[in-house]
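The numbers here are math on the coordinates, done by the rules we state, and not lab data. Please read these numbers as outputs of a predicted model, since none were measured by experiment. Positions of Cβ are generated from backbone atoms using ideal geometry, with glycine treated the same way; all protein chains shown enter the neighbour counts.
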């Protein structure tokens, strides 16, 4: 077995760039059994006490969410801090925040797959799971903010007692279709990629309940190459479908604002600006979750420092895009000569919500600048704190967009100042409880790293290439035809 | 110690032979040998996608992309028909002087339904072509086979293949230099 691309010394830092060799994606090991044992070990070992503590806290917060939603439904939307002119408060802020976080998973699994970024294999399962949990949290808010949630089915084209249909010329309805499709496709993608790994867990099962549960979930997968062939094609097709989908979802979310006539919302920059912000916040959330998880379950050799450094670089790049969007908005407010637009932006930066605006700028534009320095990109504590600050900043970005624009529109007589109520705050905190509850269940019961995919990018999986084993059959020619997918 | 699937059919009919290898290279050479010997009902089992194995086995390209295309096309048509029927035919209503039915306003929903239908076709099509879920299969009763999802590379030849011969097929597999050739029953 060739190990020419792996340094045999024990090492944990693979961030040095040497153009003559590929940086290893799995450190210190080149046997497939190591991946199986490490990743399955997370699920098979006795549940750590820390997990129970974390789960108890998350579950209690989920309970808080349930109580707050029940209170809202029972009493009415007045329990929130909403008041004209700000009729879209935290519910919509939280919705956009969670949907944005839910963008990193599909970016990593689909776009980086199409771009052949092999480092994605260690973190894609993790990010896809996070996507689904974030979208689940996001879905709650538009559902409950309609007030009379027992008629929320009016959003769907289902025949109802009014004999009317929803209005398909409204971006709010496009949103229902975009987010619904995104949730479904993300779930399919996540589950399909997990089938071979669930089969691994089935084959290692030591008790009948485990064997039955993983056996049913893996659908009798027998790792046949005739199956892998179609599986790989299905994966490629899903990636190709999910790529325009992920770009469309936050674009459609931004249409909710951009198609209206409110100054500060009615701009054409919104779709790309929202998508860049979504990827920015999504990567930040992946970093927030992955750093403790990899430490706690000793996955440092699979999710390496280089993976984290790459994610820091993406956060830097998308943070700069978001910064560019902020300045472009200001420029256009002045250059358009539109007084309302100009007022709105001056009001954002220096009006009653200036504090929120400057928190946003500090967290989203200033903080990521530290990632210009390699020392910071490879310092886990710095990276973890920065990722949390970025998510704070991204929440404030949505707050600034929603609230500052609505609170002071065309007529000074209808201006107001919005404050959330305690119910608003507890509902948001509760949504984090739901997110972490789902995440902890995932970590405990499902393979958190795509074992089959990581094995496929290890040096031992390579062949038909000079210096890699003794096989030089007719595959060399074929892989050249396929663009050399080594 | 792993949990063994209860095998009530032990001692039943011969399903075929199973042999396993340590490395990708041995498997590829073995797959070419079995392919060139002319077998049809045989397969390889690997813990991950081995590139080049399709050629070494002579697997023909799948028709899945056509299924997904048709699924996507169905989605586009359904999305457009849904919007036309509900907003322009069954209950036409005028909003802000916008046209009753115009493509630009109806593209976002049609796009989403296209992706939705195509993605579902990709998963369901893949499972259907692979004849999954198939919860019982003779191979699952073999203990060595459990390693095919871990770190071993295997070749199985089915007894129903016209070329299958208890001694000749065994000799062919033994010559490949893998593990001991095992009989799979069930």
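Numbers for the structure displayed
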| read-out | value |
| --- | --- |
| Order by protection proxy (mean Cβ within 10 Å, highest first), peptides B:115-127, A:83-95 | B:115-127, A:83-95 |
| Cα shape, the range A:185-262, gyration tensor, a/c 1.5 rule | oblate |
| For peptides B:91-97, A:299-305, sequence by mean Cβ density within 10 Å, most packed first | A:299-305, B:91-97 |
| Shielding by other protein chains, B:150-156, mean Cβ within 10 Å | 5 |
| Potential lengthening between residue A:317 and residue A:22 on full extension [0.36 nm per residue; Cα-Cα distance subtracted] | 103.9 nm |
| Chain A: relative contact order in percent, alpha carbon pairs under 8 Å with at least 6 residues between | 30 percent |
| Inter-site label distance for residue A:414 and residue B:81 at 7 Å from Cα along Cβ, in nm | 4.2 nm |
| Relative contact order for chain B, counting Cα pairs under 8 Å that sit 6 or more residues apart, in percent | 50 percent |
| Exposure proxy ranking, count of Cβ atoms within 10 Å, fewest first, for A:177, A:350, A:296, B:21 | A:350, A:296, B:21, A:177 |
| Segment residue A:60-residue A:37, extension gain: residue separation times 0.36 nm, minus the distance between their alpha carbons | 5.0 nm |
| 10 Å Cβ neighbours from other chains, averaged over peptide B:96-108 | 2 |
| Shielding by partners, peptide A:215-221 (average Cβ within 10 angstrom, other chains) | 5 |
| Cα-projected label distance for residue A:369 with residue B:14, points at 7 Å along beta-carbon direction, nm | 7.6 nm |
| C-alpha long axis of helix A:339-350 to longest principal axis of chain A, angle in ° | 70 degrees |
| Calculated FRET value between residue A:349 and residue A:260, using beta carbons and R₀ = 22 Å, to 0.05 | 0.55 |
| Where labels lie 7 Å past Cα in the beta-carbon direction, separation of residue A:163 and residue B:94 in nm | 2.1 nm |
| Helix axis angle, A:422-445 relative to chain A longest principal axis, alpha carbon, degrees | 10 degrees |
| 0 to 90° range, to nearest 10: angle between helix A:171-203 axis and chain A longest Cα axis | 20 degrees |
